[in-house]
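**Q** I'd like to ask you about the structure that follows.
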Amino acid sequence: MTFTESVKKCLTKDFFTFSGRSSRSEYWWFVLFEFLVSFICALISYMLSFIVDVVLFIPVLAVAVRRLHDSGLSGLYVLFPVALYLVIALLVDIFGIYGVVAYFGIFGVVAYILLGLVYNVYLYCRKSDPIQNKYGIPPEHILQSDEMLRENKEERKSSDIREKSGEAESDLVHRVDLEKNMHRICLEKKERR
């Protein structure tokens, strides 16, 4: 997936989509886009940067959840750094900031929170499940089956064999057949390993 395809997909089709799967390229291209837009807006105005960050929060969260789904994990892992931060906040609330810093040290507190962020980056870099998991089929297979459908549509249009009324039904049947074949190929690859 290219930079523009990722941005277009995340900002239009999958803006509020937390189900399904996203490839590594889709996730990292969109994170780069969000970073660049936010950085450029911060150079102009911090308020503009804040507004952009609020608007992009949902699609960034959605693509992160789908990325975790792609490697077979629950989207709740997105909350891991937040949970670590809340533990520190709870400890500060109970013992006071000086008690926590005295026990862990300031670097210990920062390292504890950074550990959560590094762990999440590791999760986002994990390889995709090559076969269908409980969150759906791999994104690469969806792209391949869509390309095959487009090629078959072009062939049918040029030959004018089918009628328009039966074309939609045959596309659906053809797509189901393609997805079954892709799933069978994935299972065979898994069995070979």
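The values are calculated or read from the model by the stated rules, or taken from the named source; none is laboratory data. Treat the numbers as computed from the prediction; the structure is a model and nothing was measured. When we count neighbours, we look across all protein chains shown, and the Cβ atoms used for this are built from the backbone with ideal geometry, even at glycine. Surface accessibility is based on the protein's heavy atoms, side chains included, excluding ligands, DNA and RNA. Shrake-Rupley method; radii C 1.70, N 1.55, O 1.52, S 1.80 Å.
**Q** Among the listed residues V92, V121, identify the single one that is under 28 Å from A62 (Cβ atoms), free of Cβ contacts under 8 Å to residues at least 12 places away in the same chain and not hydroxyl-bearing (S, T, Y). Lay out the reasoning, then the answer.
**A** Values: V92 fails: under 28 Å from A62 (Cβ atoms).
Only one candidate qualifies: V121.
**Q** Please identify the pairs in which a residue from the range 67-88 that is modelled with pLDDT under 90 has its Cβ atom under 6 Å from the Cβ atom of a residue that is open to solvent by 60 Å² or more (accessible area, probe 1.4 Å) and not in a helix (DSSP H, G or I), counting only partners at least 6 apart or on another chain.
**A** S71/R126
**Q** So which residues in the range 65-92 are within 20 Å of F16 (Cβ to Cβ) and either in a loop (DSSP other than H, G, I, E, B) or open to solvent by 70 Å² or more (accessible area, probe 1.4 Å) (or both)? Write out each step before concluding.
**A** Applying the first criterion (within 20 Å of F16 (Cβ to Cβ)) to the range 65-92 yields 65-70, 74-79.
Within the range 65-92, S74, L76, Y77, L79 qualify.
**Q** If you check C186 against the conditions, is it modelled with pLDDT of 70 or more, open to solvent by less than 100 Å² (accessible area, probe 1.4 Å) and in contact with a helix residue (DSSP H, G or I) (Cβ under 9 Å, 6 or more places away or on another chain)?
**A** Numbers: modelled with pLDDT of 70 or more: no; open to solvent by less than 100 Å² (accessible area, probe 1.4 Å): yes; in contact with a helix residue (DSSP H, G or I) (Cβ under 9 Å, 6 or more places away or on another chain): yes.
No.
**Q** So, one more: Return yes or no: is Y112 open to solvent by less than 90 Å² (accessible area, probe 1.4 Å) and either in a helix (DSSP H, G or I) or within 27 Å of G20 (Cα to Cα) (or both)?
**A** Yes: the conditions hold for Y112.
**Q** Sticking with this structure for a sec: Filtering the range 1-58 down to residues that are assigned to a helix (DSSP H, G or I) and of a type in the set (D, E), which residue is most open to solvent (accessible area, probe 1.4 Å)? Don't jump to the end; show me each part of the working.
**A** So the first thing to find is which residues in the range 1-58 are assigned to a helix (DSSP H, G or I), and the list is 3-13, 24-44, 46-58.
Cutting the leftovers down to of a type in the set (D, E) gives us 5, 26, 34, 53.
Numbers: E5: 96, E26: 1, E34: 43, D53: 58 Å².
Ranking the qualifying residues of the range 1-58, first place goes to E5.
**Q** To continue, here is another question. Find the residue count for the range 128-141, including only residues that are closer than 16 Å to Y27 by Cα and out of contact with any helix residue (DSSP H, G or I) (no Cβ under 8 Å at 6 or more places or on another chain).
**A** 1
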